[in-house]
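Working notes for the structure below.
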Amino acid sequence: MNSEETLLAMDFDDTIIDGDSSEAAIELAPEGELPKELQSIRPQVEHATFMGAVFGYLRQQGITAHQILAKVRMLKFAPGMQEVFFDIYNSEQEAIIISDANSVFIDSILQHKNLNNVIPKYNVYTNPACVNPHSHQIRIQPYECQRQCDLCPPNLCKGQILMRHISKRRANNLKTFHIVYVGDGVNDYCPCMRLGSNDIIFCRKKFALEQLLQCELAKPEEEKRLYAEVRFYTDAFAIRDRMRIDNVFFPARTMTPPTVPSSTTTPCNPSEDSKCEEEEEEEEETTSSSSSDAKGKKAPSKDLGKAGKGGKDGKKSSIDAGKPRKGSTGKGKDKRGSTGKGKGKK
């Protein structure tokens with residue numbers, strides 16, 4: 001591997017940070033619990049819509065955006081993840097975040113940790129959010145309104161986002177021979193199933209993704225459709241060490257990247273229009289590959305329109321962007337039903 005040919009993609013909640021930012025906000029509700037009528041809609045709507053209702057309820061209770069952001073900034077980085085960020089910065093490694101959280105939470109937390117200069121905002125794919133300067137309420141919209149992927153909720157398909165980003169790299173004449181994907185939740189399963197044999201999945205132990213991947217790995221060889229190397233980890237030092245061995249990361253020359261000033265209370269138009277209500281067009285299917293860029297490599301093709309066709313090694317290719325492999329993952333927040341800790345995860 002080398003850094004120019006490698007893309008690092010990471011989840012945020014319970015992957016970069018050691019906790020769930022949405023659950024942290026919910027803890028501010030009276031007695032730390034939402035009313036039953038709000039709890040009842042949680043399984044019925046996608047996460048961005050649910051959190052929009054939560055932010056509205058919290059504001060009715062007198063809780064401002066400033067108080068919510070102060071709460072989420074208390075969340076710590078997962079063990080070893082700060083060191084991963086140092087190496088990303090010092091190695092000039094391209095990294096992206098794909099998360100079902102929201103832009104205000106992610107930007108606020110990274111700025112609080114003095115790490116908002118490591119991954120540029122245009123490489124953070126999440127539900128857009130802002131703070132209404134008049135009501136002091138957080139507004140959130142769905143990232144997208146997708147209908148193609150049955151594994152992911154309508155507001156955000158991580159697999160499609162990953163493939164679109166690879167297409168952007170190709171348009172800029174950047175080859176992607178290797179993808180390193182780091183995640184822990186249910187909707188991290190979709191991008192994992194799109195990866196090829198040149199790629200690596202780092203799956204955090206004791207969270208929902210671990211069980212899903214273990215089920216795939218336990219299948220007979222002829223039924224397996226998970227081609228990437230899978231590594232289960234407890235702390236992110238394992239990620240840093242592997243990336244250094246593969247000459248993707250280099251030991252930090254300076255321990256703290258320079259901080260870029262950024263507002264933690266991004267102002268916005270107080271419109272509550274939903275992106276899903278506005279979007280009429282079906283999203284175009286993206287054909288993209290990390291492994292197909294590498295001539296002579298034996299990774300399965302990630303060309304999404306060629307599902308089921310093999311590469312040179314005879315393995316099947318990754319799934320169609322519009323119709324991913326089906327699995328018993330369900331929809332909704334990406335870590336809902338976690339096998340590990342917490343109330344439920346995204």
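Values in this text are rule-based calculations from the coordinates and carry no lab data. These numbers were taken from a predicted model, which means no experiment stands behind them. Positions of Cβ are generated from backbone atoms using ideal geometry, with glycine treated the same way; all protein chains shown enter the neighbour counts.
Only one of the numbered conditions (1) part of a loop (DSSP other than H, G, I, E, B); (2) among the aliphatic types (A, V, I, L, M); (3) touching a Lys or Arg at 6+ places or on another chain (Cβ under 9 Å) is violated by LEU75, and that is (3). Considering ILE68, ILE17, ILE41, ILE26, the condition of being buried (at least 16 other Cβ atoms within 10 Å of the Cβ), over 28 Å from VAL118 (Cα atoms) and in contact with a helix residue (DSSP H, G or I) (Cβ under 7 Å, 6 or more places away or on another chain) is satisfied by ILE26 alone. Would you say PHE12 is among the aromatic types (Phe, Trp, Tyr), in contact with a strand residue (DSSP E or B) (Cβ under 9 Å, 6 or more places away or on another chain) and under 30 Å from PHE177 (Cβ atoms)? So PHE12 passes the test.
Against the conditions (1) more than 30 Å from ASN173 (Cα to Cα); (2) out of contact with any helix residue (DSSP H, G or I) (no Cβ under 7 Å at 6 or more places or on another chain); (3) outside any helix (DSSP H, G or I), MET1 satisfies every one except (1). No other residue among GLN44, GLN61 is over 17 Å from the mean Cα position of the chain (by Cα) and without any contact (Cβ under 8 Å) to a residue 24 or more places away in the chain apart from GLN44. The residues of segment 190-223 that are exposed (fewer than 15 other Cβ atoms within 10 Å of the Cβ), closer than 25 Å to GLN148 by Cα and either in contact with a Lys or Arg (Cβ under 9 Å, 6 or more places away or on another chain) or not charged (D, E, K, R) (or both) amount to a single one, CYS215.
Could you grab me the full set of residues in segment 58-91 that are more than 29 Å from LEU7 (Cα to Cα) and in contact with a Pro (Cβ under 7 Å, 6 or more places away or on another chain)? Once the filter is applied, which keeps residues that are more than 29 Å from LEU7 (Cα to Cα) and in contact with a Pro (Cβ under 7 Å, 6 or more places away or on another chain), segment 58-91 yields only GLN61.
Only strands (runs of 3 or more DSSP E) whose full extent lies in segment 146-245 are considered here, and the ones with at least 1 residues that are more than 18 Å from the chain's Cα centre (by Cα) are 229-233.
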